[in-house]
Amino acid sequence: METPSPLNSIDHPKHRRAILLSIAGVAAGVGAGLSWWNQQQTVATPGLSPVDGFWDLEWDTPDGGKLPVRSFQGNPILLNFWATWCPPCIEELPLLDAFYRENRSKGWQVLGLAVDKAGAVRSFLEKMPLSFPVAMAGLGGVDLGRNLGNVTGGLPFSVAIAKSGEIAQRKMGRLGVVDLEAWRGLK
């Protein structure tokens, strides 16, 4: 009977190295694909209207008030879906706040839709007050986000709606200065 060659064994260092390199190559390919896909998530969708009944929605505010979406109609609005437990969401909030303060005189509105619990949002806003309104979208915010183009249901997710009421831009993932500069010119 023939003894198997050590070179045919998976335990041989050359084979282990080849297997590890193959796994690393696949992981790098998947990472590159995900990175490309994430970059594609800033998508202009001219002419697409928000979901039926969008302007009739009304959300609770963290302090127990009501916030009708209709009050934003006729102005460009940036909807930002976020949560207190989402680090990229928290990182982009100061940038969104600065965008709102700089552009509200030009008609821009920003609405933070918290996919969270009211108590957590109240506590968060005591530590980091925001100039723009925040509403409690709760788990219904995930469904609304999906209807507006967030196919993964992930956070943060932002949608820019033009003055005409049509979706002009949307992005899955953290917004950056470049995104907001591009969106600023929407009418």
Six or more apart or on different chains, Cβ under 9 Å: which pairs go from a residue in the stretch 176-187 that's closer than 18 Å to Lys163 by Cα and in the same structural domain as Leu95 (by TED's automatic domain parsing) to one that's of a type in the set (A, V, I, L, M, F, W, C) and exposed (fewer than 15 other Cβ atoms within 10 Å of the Cβ)? Could you list them? Leu180/Ala98
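Let's see how each residue does on (1) assigned to a helix (DSSP H, G or I); (2) in contact (Cβ under 8 Å) with a residue 12 or more places away in the chain:
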{"residue": "Leu78", "(1), (2)": "no, yes"}
{"residue": "Cys89", "(1), (2)": "yes, yes"}
{"residue": "Leu93", "(1), (2)": "yes, yes"}
{"residue": "Asp97", "(1), (2)": "yes, yes"}
{"residue": "Tyr100", "(1), (2)": "yes, yes"}
{"residue": "Leu113", "(1), (2)": "no, yes"}
{"residue": "Asp116", "(1), (2)": "no, yes"}
{"residue": "Val121", "(1), (2)": "yes, yes"}
{"residue": "Glu126", "(1), (2)": "yes, no"}
Within the stretch 63-72, which residues are in contact with a helix residue (DSSP H, G or I) (Cβ under 6 Å, 6 or more places away or on another chain) and either more than 20 Å from Gly149 (Cα to Cα) or assigned to a strand (DSSP E or B) (or both)? Arg70
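With the structure loaded, tell me whether Ile90 is buried (at least 21 other Cβ atoms within 10 Å of the Cβ) and either within 16 Å of Leu186 (Cα to Cα) or not polar (S, T, N, Q) (or both) or whether it fails that test.
no
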Tell me, yes or no, whether the stretch 124-133 has at least one residue that is under 19 Å from Trp55 (Cα atoms) and within 18 Å of the chain's Cα centre (by Cα). yes
With respect to the numbered conditions (1) more than 18 Å from the chain's Cα centre (by Cα); (2) at pLDDT 95 or above, which one is the sole condition not fulfilled by Lys106? (2)
Taking Ala182 as the residue in question, decide whether it is at pLDDT 95 or above, of a type in the set (Gly, Ala, Ser) and assigned to a helix (DSSP H, G or I). no
Failed item in (1) under 14 Å from Leu113 (Cβ atoms); (2) of a type in the set (A, V, I, L, M, F, W, C); (3) over 13 Å from the mean Cα position of the chain (by Cα), with Ile167 passing the rest: (1)
Consider Leu148 against the criteria (1) exposed (fewer than 15 other Cβ atoms within 10 Å of the Cβ); (2) aliphatic (A, V, I, L, M); (3) in contact (Cβ under 8 Å) with a residue 40 or more places away in the chain: it satisfies all of them except one. Which criterion is unmet? (1)
Looking at this structure, is Glu91 modelled with pLDDT of 95 or more and within 17 Å of the chain's Cα centre (by Cα)? yes
Output the number of the condition that Ile19 fails; it satisfies all remaining conditions of (1) at pLDDT 75 or above; (2) surrounded by fewer than 17 Cβ atoms within 10 Å (Cβ to Cβ). (1)
Going through the stretch 129-169 in order, the residues found to be of a type outside the set (A, V, I, L, M), in contact with a strand residue (DSSP E or B) (Cβ under 7 Å, 6 or more places away or on another chain) and in a loop (DSSP other than H, G, I, E, B) are Phe132, Pro133, Gly149, Asn150, Thr152, Gly154, Pro156, Glu166
Of a type in the set (Gly, Ala, Ser) and at pLDDT below 95, is that true of Gly140? yes
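The values are calculated or read from the model by the stated rules, or taken from the named source; none is laboratory data. Computed from a prediction, not measured in an experiment: that's the story for all the values here. Cβ sites come from the backbone with ideal geometry, for glycine too, and all protein chains shown count toward neighbours.
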